[in-house]
Each structure stands twice: as structure tokens, then as C-alpha cells.
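Notes for the one structure printed next.
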Amino acid sequence: AAEEEAARQKSEEQERARQAAEAQRKAAEEEAARQKSEEQERARQAAEAQRKAAEEEAARQKSEEQERARQAAEAQRKAAEEQRARQQGNARRRTAADEIAQRMSSGGACKDLKVATQPQPAGRLEIKLQSTCLVGRPITFIYAGYQFQRTMGENGELTFLLDMFEGAAPLALKLEDGATINIDTSGVNFAQVSKVAVLWSAPINLDLHAFEYLAPRNGPGHVWSKSPASVESALSAAREGSRGRGFLSTDDAGTGTGPHVEVYTFLHNKNQHNGAITLMIDYETRGDVPNGDYCGKGKFAVIEALVVRLRPGGKVEKENVRLGSAPCGQKLPESKRFNSDTLSDLLARG
């Protein structure tokens, strides 16, 4: 019995030792498998990161190449445009000179016509004409499709200051016999210049009002026909102050024939970060108490106008505005007569 017990205990000890060894072997195998799996995952992640980095680098290089190609194409396009502009300018100058020379050498009535131009500050062009044979005769200036008619003075001279509210648009001189002479405008500078023009055709008076930097009505900074400011004050402010300023560069009371236009010109200060000019159109002929043709269903109760905006550098934007009818015999509230919703603000930035 003692021998059998000893044998049984020995067998149990051997079984426990075997089981312990088997468990140790399995644990070692599992640990080795885990380490191998982790190494494979790290290798996979490293390869994936390397692949992504290579793709990103290739994409970056491709983007840089495309940007360089775009910049080169843009530079080429601008150079071509500048070349065309120079060629067109030269052609216009040659055409104008040739036409004037031809007329002066012919037996026509306008062979003594002389045309001189001088660019002026704030996007304007001074045009001077001399002709003894055109005394008292009509002269038409065609700018951007608009026709402005003037009459040669009794002294044989005519000076016309053109407010170029549509930037470097075509300009020509048209004589009574139908002959036209192109006028070069390439010397006019539109840098740091904004313009807002209101054009209409009805025989009424519209007043363009500009309220600079929340200026009160009839206070400093309220620019309109009765307080137009000046190009000198605007230039001085743009150069020396901390804010840009503007002036009414063209005033029109709505009399006579042809298109009527009022223009507010703003000269930007390059150091200015922000600011706004509120713009309004006043139907001045209608007044505070509308009556007659200017109210209800009258002939001029509703007025259509064209607003042209010239941005710094020469970009032009246009929109049509409509001044609606007002009841006859009733006093208009100020908010109705001076409606700031008619025109959007002009932003004053450097």
C-alpha cells in the first residue's frame, strides 16, 4: 500500500510538471506570435506612412509644377495683353494723327482743327480743341458709347474735362459732318481711384449724395452738388491724412439734351484699412412734396437710372436702379427721399 501511494504521488507530480511545461510552452508560443504580429503591424504602418509621404510629395511637386505653369501662362497672357494694348494705343495715336492731318490738308471746312489732351488727377482727361472754322458748331464727344455734345466757342476754342467713370473706355471726337477722330486716353491714371456715376435721360434733376464715414447731412464729409469738395482737398487727404476722401467730380442739373451724369470720385489712402461711404440718390426735382408729372402716375413719377462703379485699377461694374413713384401732395419722409438702400456703400480701403 505504501508503495502504491508513493507511485501515485510520483505520477501526479510528473503530470503536474508536464502540464506546467505545456502551459509554459504555449505561453512562449503565444508571446512569440504576438511579438511577430506587432512587428508585422509596425512594418505595415511604416510602409503605409512611407507610401503616403511619397504620394504627398508627388502631389506637392505636381501642384508646384502646375502653379509654375499657371504663373508662366498668366505672365505670358499679361505680356500679350500689354503688347496688344501698346499696339492699339500706338494705332489709335497714328489713326488720330493721320485723320487730323488728312482733314487739315484737305479743302474741307475743318482743316484747321487742332486737338490736345492732358491727363488730369482723379481719372479725368482734359481735351482742348482749336478751330476757327468750327466756331459755334456742335462737337460730340463719344465716350464708352455715351454722347456728350458741346459747342465750339466764339473764340474758336473748346475745353472739355471728361470724367472717365468707365475707365479706359474708347473715346472719339465726332464732327457735324460725321467725321470721327479717335482720342488716346492711355495716359490717364486710375490707380487708387474709385468712381460712382449716376446716368439718366429724363429732363429732371437727380442729386448724388455721398456721406463719408457716417457724416451727418450738411455736415463735414457730406459731398453733393451744393457742397462738392474739390480734387485738391481729396488729393491732400489721400496723400497726407489717414483716410481717403472724395469730391463731386461731375455735376449735372438735368438740363439740356443728351445723357445726364453726376460722378462722385473717391481717392483712396493706401494706409487705410477700412471705412465706408454711404451713397444716396435724391430726386431733387420731385422735392419734399411731389406734384404734377413727378408723382402718382405722372410722366416722370418713376425714374430709371444707370449706376456705373469704377474700382481702383479700372474694373467697371454696372447696375440699373429705379426710383419709384410717390403719392401726390404728401410730404415725403426723409427716409423716402434719401433712401440709402438705392445704392450700396463704397468701401474705403487702401
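The values are calculated or read from the model by the stated rules, or taken from the named source; none is laboratory data. Everything numeric here is computed off the predicted structure, so don't read it as measured data. When we count neighbours, we look across all protein chains shown, and the Cβ atoms used for this are built from the backbone with ideal geometry, even at glycine. To get the accessible areas, we keep the full protein, side chains included, count just its heavy atoms, and leave off ligands, DNA and RNA. Shrake-Rupley method; radii C 1.70, N 1.55, O 1.52, S 1.80 Å.
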The range 133-177: C-alpha pair distances exceeding 13 Å, %: 54 percent
Ranking by accessible area, most exposed first, for Arg86, Arg60 with a 1.4 Å probe: Arg86, Arg60
Unpartnered cysteines - no second Cys beta carbon under 4.7 Å - across the chain: Cys110, Cys133
Cα centroid separation - the range 300-322 against the range 232-259, whole Å: 17 Å
Cβ-derived FRET efficiency at R0 51 Å, Thr257 paired with Glu56, nearest 0.05: 0.15
Net charge dipole size for the range 246-297 [Lys, Arg +1 and Asp, Glu -1 on Cβ; Debye, nearest 20]: 240 debye
Helix axis angle, 231-240 relative to the chain longest principal axis, alpha carbon, degrees: 30 degrees
Eligible lysines near Lys195 by straight Cα distance, threshold 23 Å, same-chain separation 8 or greater: Lys226, Lys270, Lys315, Lys318
Order of exposure, largest accessible area first, which applies to Thr132, Thr342 with probe 1.4 Å: Thr132, Thr342
Cα-based Rg and Dmax for the chain, where Dmax is the largest Cα-Cα distance (Å): 39.9, 157
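Quick one: length gained pulling Leu235 to Ala27 fully straight, 0.36 nm per residue minus the C-alpha distance?
That works out to 66.0 nm of additional length.
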With all protein chains modelled, accessible area of Ser233 [1.4 Å, Å²]: 60 Å²
Solvent-accessible area per residue, Å², over the chain with all protein chains present [probe radius 1.4 Å]: 58 Å²
Trp224 accessible area, 1.4 Å probe, all protein chains in place, Å² to nearest 10: 50 Å²
Debye, to nearest 20: dipole size of the range 101-248, +1 on Lys, Arg Cβ, -1 on Asp, Glu Cβ: 120 debye
FRET efficiency for Lys270 and Ala43, using Cβ-Cβ distance with R0 set to 51 Å, rounded to 0.05: 0.30
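May I ask you to give the percent of accessible area on the chain that is carbon plus sulfur, with a probe radius of 1.4 Å? Working shown, then result.
Details: 9900 of 20470 Å².
Heavy-atom surface of the chain belonging to carbon and sulfur, 1.4 Å probe: 48 percent.
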